[in-house]
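Below is one structure, written out as structure tokens; the observations come after it.
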Amino acid sequence: MALTTGLMFLAASVTCSVAVGALIKAGRARGLDVRQAIFMNYIVASLLCLGLLRPDLGKLLSPGQPVLFFLALGVLLPTIFLALARSVQTAGIVRTDAAQRLSLVIPLLAAFALFGEALTSQKLLGMGLAFGALICLLWKPAGRSSHYAADGSSWLWPLLVLLGYGVIDILFKQMARAGAAFSGGLLAVFVLAGLLMLLYLLLVRVRWGGSHLLTGVLLGALNFANIYTYIRAHQSLPGNPSLVFSAMNMGVIVLGTLVGALVFRERLSKLNLLGVLLALGAIAALMPR
């Protein structure tokens, strides 16, 4: 029962995550200022958290709660978003996307080094298939990559993206262990991220636009559902963090690849299709027996 529930939460999280990416991609093609949409996203996510989860903020401050993890997430979420945008500018979309997905190695190592998961031959097989799938799915033919800077920033920003997303995954796992206080922690994360994003927008003197903010409302609903169901998946499968980390990353890449092909008319190579099969095999191999 716990496995079924966890997989349902994972499926919902993957769907919402891909929807977030598709919304941003479609919005950019129409001149969306993603910074403003991201800011409004945190406002809406905070309101949804407050209204639907009704967090008890008193529990958040009770002894033993990982308050520092909540604060770290609140700072990292908007910071890594800005690093992601900078990486796309300097290193290109392909390298940035690869860095974001290869960040999977960090939480997978943490699953065994920090969270006490047993390393078995079955899980080693699953991890091997997962990284094989990543290579196949992210491979692009020569000449299709974006232009990128030739200086040090061409590897520095993707490296920051890789480290940042890896650490964020670990922090979400820690939040899942907060028990009844996790809803209050989630609210604190959204509020802090929103305040930092607002400060950034004021510093750069952004020209506000209603359409950007309205898009952010939908983005906030999807992002809230994405993060909430991801944490719930960790709570439903506390002894299998490697499954959650891998299935989430593989699921997003596979569904995102299919959406890209069907909706945005992106061409898929035979190697990309092989990556889809390897990803499904990785998730199957990581399933608890």
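The values are calculated or read from the model by the stated rules, or taken from the named source; none is laboratory data. Computed from a predicted model, the values in this text were never measured in an experiment. FYI the Cβ positions are ideal-geometry reconstructions off the backbone, even for glycines, and counts take in every protein chain you see.
Structure data summary
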item: Within segment 201-289, helices (runs of 4 or more DSSP H) holding 2 or more residues that are closer than 27 Å to V34 by Cα and touching a Ser or Thr at 6+ places or on another chain (Cβ under 8 Å); result: 210-236, 241-262
item: Set L192, L199: member being among the aliphatic types (A, V, I, L, M) and free of Cβ contacts under 8 Å to residues at least 12 places away in the same chain; result: L199
item: Conditions (1) under 20 Å from P107 (Cα atoms); (2) surrounded by fewer than 19 Cβ atoms within 10 Å (Cβ to Cβ): number failed by Y165; result: (2)
item: Test: residue in segment 58-77 that is within 30 Å of W139 (Cα to Cα) and assigned to a helix (DSSP H, G or I); result: yes
item: Matching option when the condition is polar (S, T, N, Q), modelled with pLDDT under 90, under 14 Å from the mean Cα position of the chain (by Cα) and closer than 26 Å to L68 by Cβ, among N240, N249; result: N249
item: Residue selected from segment 240-267 under the condition in contact (Cβ under 8 Å) with a residue 60 or more places away in the chain and more than 19 Å from A130 (Cα to Cα), by the criterion surrounded by the most Cβ atoms within 10 Å (Cβ to Cβ); result: V259
item: Hits in segment 42-80 - residues which are buried (at least 16 other Cβ atoms within 10 Å of the Cβ) and touching a Ser or Thr at 6+ places or on another chain (Cβ under 6 Å); result: P55
item: Test: S62 is modelled with pLDDT under 75 and out of contact with any Phe, Trp or Tyr (no Cβ under 6 Å at 6 or more places or on another chain); result: yes
item: Yes/no for L119 being loosely packed, with under 13 Cβ neighbours inside 10 Å, over 24 Å from the mean Cα position of the chain (by Cα) and either modelled with pLDDT of 80 or more or assigned to a helix (DSSP H, G or I) (or both); result: yes
item: Contacts under 7 angstrom Cβ, first residue in segment 64-83 being within 13 Å of F182 (Cβ to Cβ), partner not in a helix (DSSP H, G or I), 6 or more apart; result: Q65/A178; P66/A178
